[in-house]
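Take a look at the structure set out below.
The values are calculated or read from the model by the stated rules, or taken from the named source; none is laboratory data. Here the structure is a predicted model, which is why all the values come from computation and not from measurement. Because the Cβ atoms are built from the backbone with ideal geometry, glycine has one as well, and the counts that use them run over all protein chains shown.
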Amino acid sequence: MEKKVRSDNISKILISVILVSYSFILISLLVWAVLSSLKSEFDFQYNKIGLPKAFSILNYQEAFRLFKLEVKLPSGGVYTAYIENMYLNSILYAGGCAFTATLVPCITSYIVARFKFKPLKIIYYIVIVCMVVPLVGTLPAQLRMAERFGLNEHIWGMWIMTGHFLGLYFLVFYSSFKMIPKDFDEAAKIDGANNFTVMIRIILPLVMNIFFTIYLIHFIQFWNDYQTPLLFIKTKPTISYGLYAYDRSNEKGSSNTPMKLAGCILVFIPVFIVFMIFHKRMMGNLSMGGLKE
Amino acid sequence: MKKMSKPVLWDALFCVLMLAYPLIHFSIFYIGVNFSSFTLAFKTYYDGEFVWAGFENFRLIVYNFQTQPEYGYAVVNSLINYGVGIIVGVPLSLIFSFFIYKKVKGYTIYRVLLFLPSVIPGIVMVLIYSYFVERALPELIPSVPTRLLSNEDTAYMTILVFCIFTSFGPTVLMYSSTMSGINQSMVESAELDGITFFKEFFYITIPSIWPTITTFLVSGIAGIFVNQMSLFSFKGTAAPIKISNFGYFLYRETQADMVTHSTYPYLSAMGLAMTVIVVPLTLLAKFLLEKYGPKND
């Protein structure tokens with residue numbers, strides 16, 4: 001018994017050492033970025049790892065001023081997107097896309113998991129096959145399809161495009177719906193509820209936690225994504241896309257490292273606040289089965 | 001023909017209504033897009049339109065593989081990235097998840113910190129890491145070579161470390177949640193028999209969550225030629241060919257030709273060629289993992 005306790009303790013200490021090192025590196029990186037963003041360019045040149053000689057928010061003011069993007073419109077005109085425009089675009093893009101990307105697999109898996117029609121099984125297998133059979137290099141065709149339907153250059157177009165049921169979250173919802181006893185539906189139906197009422201008022205509230213968790217994960221994923229907006233909604237730059245452009249901008253003043261780090265912090269703050277408020281919920285109970293039912 | 005009862009008919013109607021949007025979407029943006037990508041692979045851009053070109057794009061791909069060094073590097077780098085993910089990333093993710101599942105001291109903090117890199121925008125994380133590695137690290141540890149990311153010989157490894165470092169969030173979250181569903185009476189009886197921490201991990205936990213591990217491993221293979229390793233964030237459109245990979249190559253080329261789309265047939269052909277390679281690999285991996293993986297008996 002004593003041997004087991006000692007062996008267990010050694011294992012736990014070993015993993016703890018790795019995790020402490022990981023945490024230390026991560027926190028150091030973030031703290032370094034924040035401290036550096038508060039240094040003057042001159043201070044940073046000669047003091048890259050120490051505390052700032054004088055804490056200054058000047059970089060943030062300058063980053064706020066320089067964080068802009070000249071956007072060429074399809075009509076030929078040009079307009080300047082400022083940081084506030086980009087924040088708004090990000091909220092609309094991430095909020096809307098996260099909603100459709102969560103709602104569609106939720107409803108689809110609800111139908112597949114709760115109804116006994118045999119053809120519905122096909123949808124389950126479609127999800128599995130699409131996960132197992134990867135199709136590479138379809139981005140050009142996606143772009144052309146979006147152009148064909150007039151969805152590109154519209155944030156609502158992105159909401160439509162991201163609202164599909166394929167992927168891991170279908171399986172997460174599916175296993176959650178499968179676990180809810182059928183008696184719930186039957187009891188409600190005996191009391192006169194129709195299918196829609198059962199879905200909206202009985203079953204969906206039971207998976208609301210999972211729905212919200214997946215919504216938040218999607219929200220952060222879309223907030224952070226700059227490559228899709230760079231291709232599909234170039235005229236509606238999001239904040240992450242703006243940061244990518246800002247990093248590569250050669251405009252006077254925007255090339256110094258502390259100012260660029262200040263730009264990074266400006267992009268990171270909103271999503272960090274969301275995470276700190278909802279981290280318990282986001283990291284709640286999400287589980288899924290395998291690729292076989 | 002068997003006649004449907006009224007409630008069953010209502011159920012069927014409800015299902016059709018609820019599935020109408022998802023299925024239309026699937027038809028257009030999955031079947032339609034893939035069909036379009038498939039046909040595009042056999043076309044070429046000529047005089048403002050796409051015309052039939054047979055296997056010309058594929059011939060060009062073979063030729064480019066023989067003459068353009070970027071293609072060779074892209075294959076090797078994509079495979080190394082997947083291999084390192086399997087050898088280093090997956091075991092670490094599983095061990096961290098087990099640590100969290102067993103609620104070892106400090107697990108709540110580690111859980112948040114492991115997830116944090118997934119929350120921080122990729123571009124932010126890349127920029128902070130780049131500036132730190134290039135500017136601060138040589139000052140902090142003088143023995144570390146300077147310009148790790150600018151030097152072509154060290155850039156790939158530096159980016160690989162970054163990819164592993166930031167990869168734990170979603171997998172640890174999913175694995176630890178799945179582990180929390182393991183039958184506790186089985187664990188308790190094993191504990192009474194004196195099972196150790198690591199034996200429980202290998203003999204109870206891994207077999208119990210094997211289907212989830214299989215899902216991640218299989219979908220990982222699917223991503224071999226899609227994963228960009230954040231290269232676009234690190235280097236924009238100007239990554240050295242030595243550190244290139246296929247995910248990056250396809251995105252960079254798509255993004256570079258937004259006006260005429262003249263290279264899209266070639267890129268679609270390349271995607272199709274990779275699909276032909278990856279599909280059997282994925283199916284084989286799935287078969288092997290399910291057949292020879294640990295059983296939860």
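Quick notes on this one:
- Residue among A:PHE196, A:PHE211 that is touching a residue at least 40 places away in the same chain (Cβ under 8 Å) and of a type in the set (Phe, Trp, Tyr): A:PHE211
- Residue in region A:228-249 that is modelled with pLDDT under 90, more than 9 Å from every other protein chain (Cβ to nearest Cβ) and either surrounded by fewer than 23 Cβ atoms within 10 Å (Cβ to Cβ) or in a loop (DSSP other than H, G, I, E, B) (or both) present: yes
- Checked against the criterion of being within 22 Å of B:SER27 (Cα to Cα) and of a type outside the set (Lys, Arg), the candidates A:ILE91, A:ILE180, A:ILE128 yield just one match: A:ILE128.
- Residues within region A:173-218 that are of a type in the set (Gly, Ala, Ser) and not in a helix (DSSP H, G or I), tallied: 2
- Restricting attention to region A:1-31, the residues being of a type outside the set (A, V, I, L, M, F, W, C) and surrounded by 14 or more Cβ atoms within 10 Å (Cβ to Cβ) number 9.
- Taken over region A:44-53, the criterion of being within 18 Å of B:LEU140 (Cβ to Cβ) and touching a residue at least 12 places away in the same chain (Cβ under 8 Å) is satisfied by A:PHE44, A:LYS48, A:ILE49, A:LEU51, A:PRO52.
- Residue check for B:LEU284: more than 30 Å from B:PHE50 (Cα to Cα) and either free of Cβ contacts under 8 Å to residues at least 40 places away in the same chain or not aliphatic (A, V, I, L, M) (or both): yes
- All positions within region A:1-56 that are assigned to a loop (DSSP other than H, G, I, E, B), within 29 Å of B:TYR131 (Cα to Cα) and within 11 Å of chain B (Cβ to nearest Cβ): A:ASN47, A:LYS48, A:ILE49, A:GLY50
- Selection count, region B:42-69, where residues are of a type outside the set (Val, Ile, Thr) and within 23 Å of B:VAL259 (Cβ to Cβ): 14
- Residue that is farthest from the other protein chains (Cβ to nearest Cβ), among those in region B:222-254 that are within 13 Å of A:VAL136 (Cα to Cα), part of a loop (DSSP other than H, G, I, E, B) and of a type in the set (A, V, I, L, M): B:ILE224
- Single match in B:TYR82, B:TYR45 (criterion: touching a Pro at 6+ places or on another chain (Cβ under 8 Å), of a type in the set (Ser, Thr, Tyr) and either surrounded by 12 or more Cβ atoms within 10 Å (Cβ to Cβ) or closer than 17 Å to B:TYR266 by Cβ (or both)): B:TYR45
- Test: residue in region B:109-120 that is farther than 28 Å from A:ILE273 by Cβ and among the aliphatic types (A, V, I, L, M): no
- Residue in region A:178-185 that is without any contact (Cβ under 8 Å) to a residue 24 or more places away in the chain, over 15 Å from the mean Cα position of the chain (by Cα) and within 26 Å of A:VAL129 (Cβ to Cβ) present: yes
- Looking across B:ALA269, B:ALA273, one residue alone is over 30 Å from B:ASP153 (Cβ atoms), assigned to a helix (DSSP H, G or I) and touching a residue at least 24 places away in the same chain (Cβ under 8 Å). It is B:ALA269.
- Among residues of region B:167-204, those that are in a loop (DSSP other than H, G, I, E, B) and in contact with a Gly (Cβ under 8 Å, 6 or more places away or on another chain), counted: 1
- Every residue from region A:122-177 that is among the small types (Gly, Ala, Ser), in contact (Cβ under 8 Å) with a residue 12 or more places away in the chain and within 7 Å of chain B (Cβ to nearest Cβ): A:GLY163
Residue-by-condition table, conditions (1) modelled with pLDDT of 85 or more; (2) touching a Lys or Arg at 6+ places or on another chain (Cβ under 8 Å):
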site: B:VAL172; (1), (2): yes, yes
site: B:GLN184; (1), (2): yes, no
site: B:GLU188; (1), (2): yes, no
site: B:GLY223; (1), (2): no, no
site: B:SER230; (1), (2): yes, no
site: B:TYR248; (1), (2): yes, no
site: B:ASP257; (1), (2): no, no
